[in-house]
Structures are given as structure tokens and as C-alpha cells.
Amino acid sequence: KLHLILGFTAGVLISVVSFDIFPEIIEMTERLGISPQIPMFAFVAGFFIFHVIEKLFLVHHAHEEEYGPHHHPAVGTLSALALSFHTFLDGLAIGLSFQVNPALGVTVALGIIAHGFSDGLNTVSLMLVHGNSLKKTLRILVLNASAPLLGGLVSVFISLPEQTLLLAVGFIGGFLLYIGASDILPEAHSKGSSWKTILVTLTGVLFIYVVTSLV
């Protein structure tokens, strides 16, 4: 049922951006008297930076099945380490969101935690498909699971001025939208679209809408 988990996660992430991060950006730009174009530049940067990182590290893996059976353990390890850095940034994003306000922090955390399931699955898949041992794969998985905690810890020691936090919120929004719309949602439908996948995606949207309304 992995496609259902991914469908729900995509709905959650896209809704976090729509119902919480965008309104927060609007409110902060009005309060600080800053042009909304400035955080939107950060938003676009967050979207495309992660697009470039993903394509640089994972494009080889994406075409493995096209040219016969072979293994490159180093490629799998490098790709998994890139995902671990990605999860470190997840933790940092949660911590910085809490600096803006607790409500934003809670909602961003919900979205990233939902996304964390696919991060763990992708880490193990990348390691095993390239011929790494189960023991080494488990070590990398522990690193991947610990990285967001380290990112959250680092955020405790970083105190950003509100103008810089506005850019961080924009960057986080672009990052989450890319993961949800360009990465996870297509993956949820890669084995064949179904009404169940669409339904759980809309359930994820409704879940975050209710959470943001209550918080």
C-alpha cells in the first residue's frame, strides 16, 4: 500500500505550503513592509535547488533498469547520504519554522514527518538496489533517521532576524512544494493511478486544512 502512503504525504506537503506557509509569507511581508517578491525569490530558489540536487545525485539510479543488471555500491551510498543531508535540512526547517511562530512550526513538522516515511524507504531502496549489504544499509538508515534531530538541534543555536526568517520561510515553502508535487505525487501514481490514491491525497489536503484552521 506504499502508493497510498505517498499519495497522502503529497496532499499533506502541498497543503502545508498552501494553507500555512503562503499565508505566513503574506502576513510577514505586510508586517515588515517588504515586497512579497523577495520571499518569492527564496521560494523559487528552494524549489529549483532541490530539483538540481535530486537530479545530480539520483538521475543515474532512475535509469538503472535500462541497461542490464549491474551494481555500484558507492553510487547507492552517495545517493543515500544526499538524502540524509536532505533530512538534516528537514529538521532545520522545522526548527526555523518554530522561530517564526509555534503554529507554523507544528504544521511544517506534520508535513515533514509524513514525508519522512518516503525518505526512509528511498534510502533503503537506493542502498540495496546498488548492491550494498543489509548491515551497511541499516547504518545509513540510522543516520537518515538521526539527521533531522541534528538539524533541529542546530536550529536551537541559530537566532535569525525576522527579515532573514522570512526568506527561510519562502525557501522552506519551495522545498516542500517540490517534494510534494514534483517528487512524491508522481511516485504515488507511477504504478497506475487509482481513485484510492486520489482520495487519500485529498484526505491529506483536508487533514492539513483542518489542522491549520484549528492551530
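Would you mind stating whether His61 is at pLDDT below 90, part of a helix (DSSP H, G or I) and open to solvent by 50 Å² or more (accessible area, probe 1.4 Å)?
yes
Name every residue in the range 181-206 that is of a type in the set (D, E, K, R) and either assigned to a helix (DSSP H, G or I) or free of Cβ contacts under 8 Å to residues at least 24 places away in the same chain (or both), in order of residue number.
Answer for the range 181-206, where residues must be of a type in the set (D, E, K, R) and either assigned to a helix (DSSP H, G or I) or free of Cβ contacts under 8 Å to residues at least 24 places away in the same chain (or both): Asp183, Glu187, Lys196.
How about the range 169-200: which of its residues are open to solvent by less than 20 Å² (accessible area, probe 1.4 Å) and under 19 Å from the mean Cα position of the chain (by Cα)?
Those that are open to solvent by less than 20 Å² (accessible area, probe 1.4 Å) and under 19 Å from the mean Cα position of the chain (by Cα): Val169, Gly170, Ile172, Gly173, Gly174, Phe175, Leu176, Tyr178, Ile179, Gly180, Ile184, Ala188.
Among the residues of the range 111-135, write down those that are aliphatic (A, V, I, L, M) and open to solvent by 60 Å² or more (accessible area, probe 1.4 Å).
The answer is Ile113, Leu121, Leu128, Val129, Leu134.
Would you say Val75 is at pLDDT below 90, open to solvent by less than 50 Å² (accessible area, probe 1.4 Å) and not polar (S, T, N, Q)? Talk me through it step by step, then tell me what you get.
On the way: at pLDDT below 90: yes; open to solvent by less than 50 Å² (accessible area, probe 1.4 Å): yes; not polar (S, T, N, Q): yes.
When the stated conditions are applied, Val75 passes them.
The values are calculated or read from the model by the stated rules, or taken from the named source; none is laboratory data. Since the structure is predicted, the reported quantities are computational estimates derived from the model, not experimental observations. Cβ sites come from the backbone with ideal geometry, for glycine too, and all protein chains shown count toward neighbours. Note: areas computed on protein heavy atoms with side chains; ligands, DNA, RNA excluded. Shrake-Rupley method; radii C 1.70, N 1.55, O 1.52, S 1.80 Å.
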